[in-house]
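A short worksheet on the structure shown next.
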Amino acid sequence: MKKSIFIISVFLIAFSISVLAQTVSITPAGNSQIISPSPKCVVPQDGQVFSEDTILCSGTYYLPNGLKIHRGENMTFDCNGAKLVGPHNNYTHGVKGIESYVSENIVIKDCTITNYNIALYLLWPKNNTVINNSLYDSYYGIYAALQSSNNYFLYNNLTNNSNGIRFEQTENNTFAFNRVINNTRGLETDDVGGINITKNLFSGNNLGFNIVNTWKGPNNIWLNEVWDVSNVWDELNNNYCVNGRDNNYMGNSTGPHC
């Protein structure tokens, strides 16, 4: 009887170890630490290109050439909390953490990206959602350019960058519920129209808003909590009062009112 109980106990322990090994795997890869809670997640390779639904394995990855989303459509790129680390944040070297090129109807979420020239670069994107990402210690946190249109940037943290976010040659984008903190420049525009900037926090930036070259208009910039004292407010084609509501200027910050 005792022998039977011993055999059954050994079998149960072996089975438990087997299940645990399939559930959680830890794999070293160079300077990366990878924790894979699911066999469905992807361990990213330096310079890898994606064009379909992707969930990264959580962990920290040193990717000197970043990742690319090329002509993705109707897909979700979920970093699953993964941290992508670049080689430097030097402006003269155009290294991007994630470069999304000619992509439409995609979601980029839950990424932490640091130490790149551009943490997140969107080139010709349409109808994309960038949500719940942390982008810091880079030259640009987000750079959206060249006919970037109808995109939503929501609940992102842009901190300690030379430039938090730059919109260039873009139309009809929404930037809302983001935290833009301790950047040299918080938000910058160039040749934009139809942009809606609302309900964001701007604090600790050397220059919070640099709203210039907005001749495409109209742009709505309202209901933001602004603590930064230095800002550039272009009056051309910009509405700083929408439905009788303007920005909330805190401390010594000032700006256009209703």
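The values are calculated or read from the model by the stated rules, or taken from the named source; none is laboratory data. What you see is a predicted model; the values in this text were computed from it and never measured. Every residue, glycine as well, gets a Cβ built from its backbone with ideal geometry; the counts of neighbours run over all protein chains shown.
A few points about this structure:
- Subset of the range 105-129 (residues that are within 21 Å of Cys57 (Cβ to Cβ) and of a type in the set (A, V, I, L, M)): Ile106, Val107, Ile108, Ile113, Ala119, Leu120
- Criterion: surrounded by fewer than 17 Cβ atoms within 10 Å (Cβ to Cβ) and either in contact with a Lys or Arg (Cβ under 9 Å, 6 or more places away or on another chain) or in a loop (DSSP other than H, G, I, E, B) (or both) - qualifying residue of Asn80, Asn74, Asn90: Asn90
- Residues in the range 124-160 that are on the phi < 0 side of the Ramachandran plot, of a type in the set (Ser, Thr, Tyr) and either assigned to a loop (DSSP other than H, G, I, E, B) or without any contact (Cβ under 8 Å) to a residue 12 or more places away in the chain (or both): Ser138, Tyr139.
- Looking across the range 163-222, the residues that are buried (at least 20 other Cβ atoms within 10 Å of the Cβ) and assigned to a loop (DSSP other than H, G, I, E, B) come down to Asn173, Asn178, Asn183, Ile195, Asn200, Asn205, Thr214.
- Ile55 vs. criteria more than 26 Å from Thr198 (Cβ to Cβ) and either assigned to a loop (DSSP other than H, G, I, E, B) or not charged (D, E, K, R) (or both): yes
- Scanning the range 151-190 for residues that are among the charged types (D, E, K, R), over 18 Å from Asn128 (Cβ atoms) and touching a Ser or Thr at 6+ places or on another chain (Cβ under 8 Å) gives Arg179, Arg185.
- Residues that are in a strand (DSSP E or B), surrounded by fewer than 24 Cβ atoms within 10 Å (Cβ to Cβ) and either out of contact with any Asp or Glu (no Cβ under 7 Å at 6 or more places or on another chain) or at pLDDT below 95 (or both) within the range 106-123 comprise Val107, Thr112, Leu123, listed in sequence order.
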